[in-house]
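Quick notes on the structure that follows.
The values are calculated or read from the model by the stated rules, or taken from the named source; none is laboratory data. All figures in this text were calculated on a predicted structure; none of them were measured in a lab. Note that each Cβ is placed from the backbone with ideal geometry, even for glycine, and that neighbours are counted across all protein chains shown.
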Amino acid sequence: MKKYIWIIALGAIVLFRIGVYFVGQIQQQPAEKAIVNTEILKPVEYDNAQIYQGVLISRQSIFMQPQVFGQILEINVKAGDKVQAGQLLIVIDPRKQEALLNSFKVKQASLLLNYETAKTQFERYSDLYEKKTVSKQDLENYENAYKKAKSDYEANEEQIKEQEIQLGYHKITAPFSGTVGDIPVKIGDHVTPETKMFSITQNETLELNVGLPADKVFDIKSGLPVQILDF
């Protein structure tokens, strides 16, 4: 029994020394060097763009409607024309308005004569009253006649100014430079202040209306570049 124990012990010692030898040999071998490629990082621009749907709208766009009743006599533009501010676009027949204006002007001549005559008589009777040669009643009569003649003359003068303004409304001009839209009316049509004759849109400067998600509203800052894409 002892013989087997010594044999086993001797074998274990031999194996232990062999293991120590091989470990020593491994430790003595130099480690292989690993090759690692390196690269210097450089800053690059990162385009963190988002696409949102928007609408381009004009800051100035109106429908032209007349301020008088009448028939269209001239149409000097067509849809798509570019016009300048003050350019004559449509003429509404002014003949009735011209006749009315002329009647007030003719009347004004006679009213002016009455006014000047009444003024002269009132001034003359004022002097006579100061000299005690006419009664106060006579003076008041001439004064009232003078005041009425003056009132009639001034009222008619205001009518002339008003009718001249109305005559000007028969010429439709462009309120600003822009592009003419569709023109649904034609020469000979009767128009009223409710008639939409055409539209004018100023397309030189447009406003971009974009709907943003609620969580992106505070990301928008002044000076942020915007690119408009026409799909």
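Here are the numbers:
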quantity	calculated
Residue check for ILE72: assigned to a helix (DSSP H, G or I), under 30 Å from PHE198 (Cβ atoms) and of a type in the set (A, V, I, L, M)	no
Residue tally, condition part of a strand (DSSP E or B) and touching a residue at least 60 places away in the same chain (Cβ under 8 Å), over region 190-212	14
Subset tally (residues that are in contact with a Lys or Arg (Cβ under 9 Å, 6 or more places away or on another chain) and of a type in the set (D, E, K, R)) for region 176-231	1
Pairs where the first residue, in region 144-166, is under 14 Å from VAL106 (Cα atoms) and touching a residue at least 60 places away in the same chain (Cβ under 8 Å) and the second is of a type in the set (Lys, Arg) and in a helix (DSSP H, G or I), C-beta under 9 Å, 6+ apart	GLN163/LYS105
Residue that is nearest to the chain's Cα centre (by Cα) [pool: residues in region 48-67 that are aliphatic (A, V, I, L, M) and surrounded by fewer than 10 Cβ atoms within 10 Å (Cβ to Cβ)]	ILE51
Scan of region 91-110 for residues that are in contact (Cβ under 8 Å) with a residue 24 or more places away in the chain and either in contact with an Asp or Glu (Cβ under 7 Å, 6 or more places away or on another chain) or assigned to a helix (DSSP H, G or I) (or both), ordered by number	VAL91, LYS96, GLN97, GLU98, LEU100, LEU101, PHE104, LYS105, LYS107, GLN108
Residues (loosely packed, with under 15 Cβ neighbours inside 10 Å, among the small types (Gly, Ala, Ser) and part of a helix (DSSP H, G or I)) located in region 127-165	SER151, ALA155
Selected residue (only one of SER110, SER135, SER199 is of a type in the set (S, T, N, Q) and closer than 30 Å to ILE57 by Cβ)	SER199
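Here is a yes/no grid of residues against (1) at pLDDT 85 or above; (2) of a type in the set (D, E, K, R):
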site	(1), (2)
LYS148	yes, yes
LYS161	yes, yes
GLU164	yes, yes
PRO184	yes, no
GLU194	yes, yes
ILE200	yes, no
GLU204	no, yes
ASN209	no, no
ASP215	no, yes
